[in-house]
Each structure stands twice: as structure tokens, then as C-alpha cells.
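Read the figures in this text as sums done on the coordinates, not as results from a lab. What you see is a predicted model; the values in this text were computed from it and never measured. As a convention, Cβ positions derive from the backbone with ideal geometry for all residues, glycine included, and neighbour counts pool all protein chains shown.
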Amino acid sequence: MGMLGRSVLVTGFPGRQPAIHLVRELAVNGSRSVCCIVTEGRKEHAQELVDNLPAEARDRVSLWVGDARSIDLGLSGEELAQLTERVEVIHHCACVTDPAATKEEAAGNVKSVAEILELAEAAPRLQRLVFWSSATVSGNREGFVQETDLSDQMGFRNPVEASLYKAEQVLRESEDDLPIVILRPALMVGDSMTGETEDLGGLYLLIRLLLSAPEDYRIPTPSRTGVRISTVPVDYVVKAAIKIADDERSVGRTFHIVDPKPVTVHHALRLFAEATGRPAPREHDPLNLATALMRAPGMQRFTNTTRAFLDQLKTDVIYDDRNTRELLAGTGITCPDLGSYVDVMVARAQQG
């Protein structure tokens, strides 16, 4: 079998930010061809992204119109047979991890995992099935969360977290038969070098609030300023993910891809205030951050995103990452500090 006969399958391209970086990285530096399941509505955008790749990398990528949530991934019988025969690695990135997503979108997460498992079970050459979950699958839990933990006892903050829990449970039931790897990135932001991102929710909401405010505006701090936020730039997450998936020791394990030195909410607000030229936040501020965000100009359409993000800022959790540390030891792949790329985030937020 030639190189084109050995394939990596990526779902979620180009709608999910990590999938865009992943396809690029695999096409430029990988040794296999890259097959992307792309919905009809996103085909044009996907083609543009592929056209921007260097010629040799571009030739490695093929777009297959379908939908990870549909029966047989929305492919024809012939396409499915071809893909099943060729695929060696699956990166299932199509799951929605945005906490503001709808119940219907969340339900699609469990459906897509069932479809991917069917393909994986039929694939004779499969070496890895990599599931892109999220560290937020821990829901309302506080304190120390281990990579081996998967529990619904404390409940979830939204339907998306509950759906990721169900999806991980389904995958764990197949771990004896399939080479499954589960990745749980923390709060993902854009590229630490270029600022590139598809999503200006999450921490970008705070930056946009500051940018739209008067120069003497002092951002309110939430009542729990000591809550830690683990932010991870997408370029780091994708490099770590590929390295982990390539390692045979990853099979049957779960990996928290997090900032090993997470900053507090107060420290993050101070960094954003400095980078936008606004005064530093007070340690305790009687004003309400939620109200400030909801009332800021142009933020009304982000109401659900804002609420979901503020829920995250209230939950104090530390994610254990010993599996990730073990497999990345000596590779030179490390998570940069938020302070080192905050200016890049601000520049991206200014573009709107």
C-alpha cells in the first residue's frame, strides 16, 4: 500500500478550531494522507483552507462530504468501504465542546461517537482512535481531578458536559477491543504565535469588554478571584495531541492537556488590563462582572456564551496531567504561559 493508502481520518474540519490546526500539521509534517469528513455547508471553507497549504501538503488532503453525526458518517457505501480499508488513525474532533451549545448539538456528540466506533470496529488497519473531549467533562467538580476520573456524581453545568461524559463512557466500554486514546484539553485559545482562532468566546469576551470600555475603566473581578484558569493555545494542544497519539503507551489512557501552572482569575484579568492599557482590577470589586459583560456594546448576542463562561470562572479545579507529562517528557513540547501570548490574543480580539 502506498502512502495515499495509509490514512488519518479527521472529523470536525473546518468547524472546530483544533481540527484546522490538526489537518495542517498532519498534511505538512505527517507521513499519511489526511481524509476529512466535511459537511456540505462547510465544504467551500474547507477547500479554501486546503488550497492555502503548500502544494505537497495539499495533495495529501482529501475532503469527503458527510456528517459525523449521520448514519455511516453520511458517506456512500463505496466511500465508507474505501475509508474503512485505508484508515490507520482517527482523530474525532467533531464533538461540540462549546459550553453554550444547544441540547440538540450536545446530543449529536453521543451520536457521532457511536458512528465513529462502528467505523473503527470495521477498520482492519486501525492503530489509534483519538477522541477529542474536554477537561470540562469534570462538570461541577472542584479540587483535584485525575485523568482516570470520569464521574457524574457532582452533576454538570450544561448539556455539552453531560454529553461528553456519556461519549467518554461509551468509548471506555470499547477500550478492551479498540486502541482508544482520550484527550481532554483545558480552555482552548487561539494560536500562541499567530493569534489565529475561529472562536472569540471564553477569555476573549473579557478582552473585548476591556477594548470597548473607556481608558480609565477598571474591570470588575468575580467574588472568587483565586479560582485558577487553565488556558491552552491550540498550537500547543495539537502538537501535544499528535505526539501522544503517535506513542503506543497512549492506548487505553486519558490525557489532560492543560497549563501545568494555571493562573488565577485575578492574575488573568491583570494581564488583560495591562495588555489593553486599562487600570489593574481591584482585588475585590463589588461591581458585577456578569452585568458588565452583558451590558457591554455588541455583547448581547453572546449572552449564552457569557453565562457559560462565567460558570467556568466560578469552579475551582486543578487538572492532574501526569499521563501527558509522561508522554511529552523530553520532546520539547511545553505549554507556554498566558503572559507570553496575551498580546497576540488582544491583537486578534481587536480585529473582531
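Summary of computed values
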{"quantity": "Nonlocal amide H pairs with Ile257, under 5 Å, H built at 1.01 Å", "calculated": "Arg184, Ala186"}
{"quantity": "Positive minus negative residues near Asp177 (Lys, Arg vs Asp, Glu; Cβ under 14 Å)", "calculated": "-3"}
{"quantity": "³J(HN,Hα), Karplus 6.51/-1.76/1.60, whole Hz, each residue of the range 28-45, x for Gly, Pro", "calculated": "7, 10, x, 10, 10, 6, 10, 9, 10, 7, 10, 6, 3, x, 10, 4, 4, 4"}
{"quantity": "Largest to smallest principal axis extent of the C-alpha atoms in the range 1-118, angstrom", "calculated": "41, 28, 21"}
{"quantity": "FRET efficiency, 1/(1 + (r/R0)^6) with R0 45 Å, evaluated for Glu104 and Glu248 via beta carbons", "calculated": "0.75"}
{"quantity": "Cα-based helix-to-principal-axis angle, 265-276 vs the chain, degrees rounded to 10", "calculated": "80"}
{"quantity": "Built amide H within the under 5 Å cut-off of Val38, gap 5+", "calculated": "Trp64, Val65, Gly66"}
{"quantity": "Extension gain (nm, one decimal) between Phe144 and Met294, 0.36 nm per residue minus Cα-Cα", "calculated": "50.9 nm"}
{"quantity": "Chain lengthening between Ala347 and Thr331 when straightened (0.36 nm per residue, less Cα-Cα)", "calculated": "2.8 nm"}
{"quantity": "For peptides 312-322, 200-210, sequence by mean Cβ density within 10 Å, most packed first", "calculated": "200-210, 312-322"}
{"quantity": "Distance between modelled label sites at Asp59 and Gln47, nm, 7 Å Cα→Cβ extension", "calculated": "2.1"}
{"quantity": "Hydrodynamic radius (Kirkwood) for the chain, which is based on Cα pairs only, to one decimal in Å", "calculated": "20.9"}
{"quantity": "Cα-centre dipole for the chain with unit charges at Cβ (Lys and Arg positive, Asp and Glu negative), debye to 20", "calculated": "900"}
{"quantity": "Peptides 7-14, 167-174 ordered by average Cβ neighbours within 10 Å, highest first", "calculated": "7-14, 167-174"}
{"quantity": "Lysine pairs in the chain with Cα atoms under 23 Å, if 8 or more residues apart or on separate chains", "calculated": "8"}
{"quantity": "Long-range HN-HN contacts of Val317 with modeled amide H, under 5 Å", "calculated": "Gly143, Arg228"}
